[in-house]
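J.: Structure provided below as structure tokens; questions to follow.
The values are calculated or read from the model by the stated rules, or taken from the named source; none is laboratory data. Since the model is a prediction, treat every value here as computed from it, not as a measurement. No Cβ is skipped: glycine too gets one built from the backbone with ideal geometry, and neighbour counts run over all protein chains shown.
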Amino acid sequence: MDFDFHRIDKDFKKINTNIRVYSDLLIEKSLDVWNIKTKVGLFFFSLDIAVLET
């Protein structure tokens, strides 16, 4: 059985690149979610203050 190491190496590099891209996307998405939660939290916080001040 002849092993094609070059092809395997190429496949591993492709997998590594995919993992890197996916982890970057996941980090980006979680930051987006965090930003949305923060904005919503600040909105309700300012709403509470506005209600308390009246």
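Each row is one residue, and each column tells you yes or no for (1) outside any helix (DSSP H, G or I); (2) not basic (K, R).
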site	(1), (2)
D2	yes, yes
H6	no, yes
I15	no, yes
N18	no, yes
S23	no, yes
S30	no, yes
K37	no, no
F44	no, yes
A50	no, yes
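J.: I would also like to ask the following. Being at pLDDT below 85, surrounded by 10 or more Cβ atoms within 10 Å (Cβ to Cβ) and among the hydrophobic types (A, V, I, L, M, F, W, C): is that true of I8 here? Walk me through how you get there before you give the answer.
T.: On the way: at pLDDT below 85: yes; surrounded by 10 or more Cβ atoms within 10 Å (Cβ to Cβ): yes; among the hydrophobic types (A, V, I, L, M, F, W, C): yes.
So I8 passes the test.
J.: What do you reckon, is D48 surrounded by 10 or more Cβ atoms within 10 Å (Cβ to Cβ) and over 30 Å from the mean Cα position of the chain (by Cα)?
T.: On the way: surrounded by 10 or more Cβ atoms within 10 Å (Cβ to Cβ): yes; over 30 Å from the mean Cα position of the chain (by Cα): yes.
Taking the combined requirement at face value, the residue satisfies it.
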